[in-house]
1. From the residues in segment 141-161 that are in a loop (DSSP other than H, G, I, E, B) and open to solvent by 10 Å² or more (accessible area, probe 1.4 Å), which one is nearest to D182 (Cα to Cα)?
2. Filter segment 995-1027 down to the residues that are more than 20 Å from F985 (Cβ to Cβ) and touching a residue at least 12 places away in the same chain (Cβ under 8 Å) and list them by number.
3. Within segment 809-829, does at least one residue satisfy the condition of being among the basic types (K, R) and surrounded by 24 or more Cβ atoms within 10 Å (Cβ to Cβ)?
4. Enumerate the pairs (first residue in segment 731-752 and without any contact (Cβ under 8 Å) to a residue 40 or more places away in the chain; second residue anywhere and part of a helix (DSSP H, G or I)) with beta-carbon separation below 7 Å, excluding pairs fewer than 6 apart on the same chain, so at least 6 apart or on different chains.
5. In segment 982-1024, which residues are open to solvent by 50 Å² or more (accessible area, probe 1.4 Å), of a type in the set (K, R) and part of a helix (DSSP H, G or I)?
6. Quick check: anything in segment 738-746 modelled with pLDDT under 90, open to solvent by less than 40 Å² (accessible area, probe 1.4 Å), over 30 Å from Y859 (Cα atoms) and in a helix (DSSP H, G or I)?
7. Grab the strands (runs of 3 or more DSSP E) fully contained in segment 808-878, keeping just those with 1 or more residues being over 30 Å from L242 (Cα atoms).
Amino acid sequence: MDDRPHKAHRPSQSGAKAEKKKDKGKGKEKQQGFNEKAFAPRSGRRAEKQGRRAAERDQTRLHVPLVNRTPDDQPPPTVVAIVGPPGVGKTTLMKSLVRRYTKQTLNDVKGPVTVVSGKKKRITFIECNNDLNSMVDIAKVADLVLLMIDGSYGFEMETFEFLNVLQSHGFPKVIGVLSHLDLIKKAATLRATKKALKKRFWTEIYQGAKLFYLSGVLNGRYPDTEILNLSRFISVMKFRPLVFRNSHPYLLADRLEDLTPREEIRESKGKCDRTVTIYGYLRGTNLRQGTKVHIPGVGDLDVKDVSMLGDPCPLPDADSEKRRKLSEKKKLLIHAPMSDVGGVVYDKDAVYINVPGSFTRGNTDVPQGEGERMVMDLQDVGSTLEDRVARSQIRLFGSSSRPLEAGPSRLSGDEEMDEDSDGEDEGEDDDDDDDEEEGYDEEDGGLSGEEDELELSEGEEEDEEEGADQGRSVPRNVRRAVERPGSGTRGERVDYADSDSDLGDGEDEEGYGGTARRVHFGDEDDDVDVDSDDDAELSDDEEAPHWKADLASKALSAYQQHSRRARRKDWIKLIYSTSLTPEQILSDQPSKSTAQSDGDAEDEFFTIKSEATVGRADEDEDRTKDVLDEEGLKAWEDEELLDSIRGLFITGSSSQNGEGGDEGYEDLEGGGDFEDLEAGDDDEAQSHDPEATRAAELAAKKEALKKKFDEQYDDPEGSKMDFYEEKKDEMARQLQINRAEFEDVDPEQRALVEGHRPGTYVRIELANVPCEMIENFDPMYPIIVGGLLPAEERFGYVQVRIKRHRWFTRTLKTNDPLILSLGWRRFQTIPIYSLDDHSIRMRMLKYTPEHMHCYATFYGPVSLPNTGFCAFNSLSNSAPGFRISATGVVLDIDRSSKIVKKLKLTGVPYKIFKNTAFVKDMFSSALEVAKFEGANIRTVSGIRGQVKKALAKPDGAFRATFEDKVLMSDIIFLRAWYSIQPRKFYNPVTSLLLSEKGEWAGMRLTGQVRRDEGTKTPLNVNSTYKKVERPARRFNTLKVPRKLQAALPYASKPKIMKPQQRQTYMQKRAVVMEPEEKKAVALLQQIRALRKDQVARRKGKQEERKAVHRAKAEKEEAKKDEKDKEKRKEYMRVAGMKSKREQEKEEGGGRHVKRRKKD
């Protein structure tokens, strides 16, 4: 470590120090200044180019603003997926990153690993194995992908497949990681390899994509410096919300448990459906109760229950926020249930504790893992769970004087209870709260340490669910007593609490530890809780504290406020937390059944039965509104009261604020601000004058409005925001409104209304899960629980725009099965491809077109428009070549678009008139002809016609008219369109239910079935191709009538000559040669034959010579072209330099400026 050189100091770019330096430097800017003239461009063209470049950079930075639904206070961990082909070093990289963040070494990495990377950031690492199903699932949930590439080998087919899957499902951020670079020994080869791989990587992702280099492996890990650089880059990355994930709830399962009763599994021999719980961080949007979910590789499942749990890997609390860096203790946090962290491994139905070697219980110097501590805690147990339950005690309320015990009933009489309470008072007369609790735990045999931890953990979970940040995690146990006036017995006392909810809302409460008394004021019928302290009686000489003054009147006013609030009904709790009907909610039954509802907290065990609800028999019909008090409304007729609050409205003058007395307004409303009883006189004066505070707030609001108006009036153009900034501001305002709406709502009710928020650690209980998922569970394959929107639960015909992938060699055919990854689902369906025929009809295609989009319609689960998908012909790992066959996007889920197929009906004329013909063999009945009346028909030669009317005989014959006379040999055809519908075939990919996850096989093609079964293709004789033999067509001669011939001019008259009947002299004569003449003729024929052969050979030789000469001439021509090209290039270079010099002279620069720069 000493040999390592020290790094230079890097000044902070953000934070408190950087802000302080900026503030200091503001004064210096005026002294030194920024000389704009020194950096002004010399040429107008260059300035224009710089301005255009800056504008383009700003436009590329802009994107469509999206609402980020992830909460800022408790965001879920960022999912970082490590993807690559086998043997590239994924596990080594994951171990190195986990050790960098947590200083722990994982021996066996399985499933997700969550670590704390910063004060407000957590990271979940997950390794993706070499399986196409896992790649598709990881691409749907990963926020950042570390794409590992073997530098010594190059890109592999799996890398390109995964990148194309990413493009279809939203394309999260990708960082390339090159490994195995230590296998390249030559530096020049290493540089060239890095350059080539970076260029190809930038082509696939984008120009400038980040690429890291890992040189080698040291001690089973990558070098710490390289891992440090990579981890820093990961920690500071920001992620944009992706559209699909921003509208769907989902979670990446950390672990899985089977809750099915063992007896049921034994009786069904393991073949019954299971009840499974899945744990994980919720991501995306809120998960509502009753939402249906889909697990890719399993299917659609019903959610039985969703509950929020404590965070297993929490972010640092507020104490560590004061530090700039994350403390070392927080760095050790790691959550990896499926891996061997601390010697504990969670399986599907058990927890395994691995204690390697031997260890000593008394050796506290050696750090012990979680598993060792668990084993030793199990060894320390001295009693069974039943004994501890029998000895356990429960305190119903925070103010209960004595807890309940699980023994025999002690409610035999009031005397025994009074005796117990007397004994309790004698034992704990003047002790403090802490002393009382400690003495109770020691003397009375209270809860053991483990049970205390259990109570604390349950309390923490309830606090988390209720979202209470009240400053103390456990309610105070106040068990002090004051002596009642006129009573000498110490057993009769008054219970006190910190708030109304600590003692419950009932009138007569009796605890098991003693009787609870209430204080009466005047003639009031109801009892009121009174706050008190240790000093029960004060002498006249002692000066009472300020907050103890006039306790009776304060308690009375507090009770009146409480009774007024109790009259209002909590509609959210009545609707969502109870199973009452609307009629019961509108009636008085909710007040009667409040104590029986299981959603009430422990401090609401008893409820107040107010006189207003009991005594009012004739209630108004409209029960959704509070009953108006007519006597109370008369107070608003007082003009003084109206003048006193006139300043609170925008139309009133601010000078009236604070002048009039507003005590009457406060008394009427019963609201008021809470008093700080421990504060001094100054604070008391401020608390009694809330109008001054309201007036100040109103003045500040008016000042802000005035300032905004002045800005818009002085500079109307400057105050205008562009579309992008306006949308962002609108989204921010809406987000703030949503947060403020649910700010004071109870977390349980909030979860019922809006669902569980992203970032919470939830436990999802699923019912009717196939048993194969548990039996064949493998933690190396990710389990994703994706929430389905209500529209996505139904099935129908989906229309998509699809394009065959350019690297997929085979053509896609209509009605061939195709595996689609659409939304959360992966399923097999049968699509029909089509094209839009001039916006008239959707015409079916038999095959997908080359390098062009087309439409596809299939039966399957409905998805929202603009949802991307990718298609595969096979998911098997043994499939050769590129496996992604097509990509596309969902267009519409409208079922009205019909796909039509071309249908040609043919017929022949059997009777022809001038422009009319009788056609047969096209239809089989007169009814069919009636359907096609008026349809357009045509002949092969192009003569167009129309169907007119059916004929009586033969059946199916009809009369048709044409634009010209047709021939008997013409074939007449009618082009019609036949409507077709896709087949209702939906086969979900259930790869997680198999023992071999990559061997899922769906519907096979007919040829593949025949090949697997070894059967031959059936041969239909009528379908075989035959040689077409068309006989020569014989046309009749043209006959022109004689009258017409006589009227025609001579040039147009047909020149027809009769054949000569007699033979001529040349035909008649006979030639008889002599023997010498015959010999002479034969000799001449031989000479001609020899001459002919000689000429042919001479021509062949000449052609060969010409070919050689032609090749030589082409060579010379090519050389000449090269020389001409070089000459033109040189000429253009000189001309370009000349024009450049002339241009610089015109701009005022020229060669002299350059010389001055060099000097």
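1. That would be S152.
2. S995, K997, G998, E999, listed by residue number.
3. Here is the first cut: in segment 809-829, the residues among the basic types (K, R) are 810, 813, 825-826.
After this cut, where a residue has to be surrounded by 24 or more Cβ atoms within 10 Å (Cβ to Cβ) as well, the list is 826.
Checking segment 809-829: at least one residue is among the basic types (K, R) and surrounded by 24 or more Cβ atoms within 10 Å (Cβ to Cβ).
4. F742/R750; F742/E754
5. Within segment 982-1024, R1010, R1011 meet the criteria.
6. no
7. 832-837, 841-845
Residue by residue, here is whether (1) hydrophobic (A, V, I, L, M, F, W, C); (2) surrounded by fewer than 16 Cβ atoms within 10 Å (Cβ to Cβ) holds:
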| residue | (1), (2) |
| --- | --- |
| P831 | no, no |
| S834 | no, no |
| S839 | no, yes |
| Y847 | no, yes |
| F858 | yes, no |
| K904 | no, yes |
| G907 | no, no |
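The values are calculated or read from the model by the stated rules, or taken from the named source; none is laboratory data. Predicted, not measured: the structure shown is a model, and the values here were computed from it. FYI the Cβ positions are ideal-geometry reconstructions off the backbone, even for glycines, and counts take in every protein chain you see. For accessibility, only protein heavy atoms count, side chains too; no ligands or nucleic acids. Shrake-Rupley method; radii C 1.70, N 1.55, O 1.52, S 1.80 Å.
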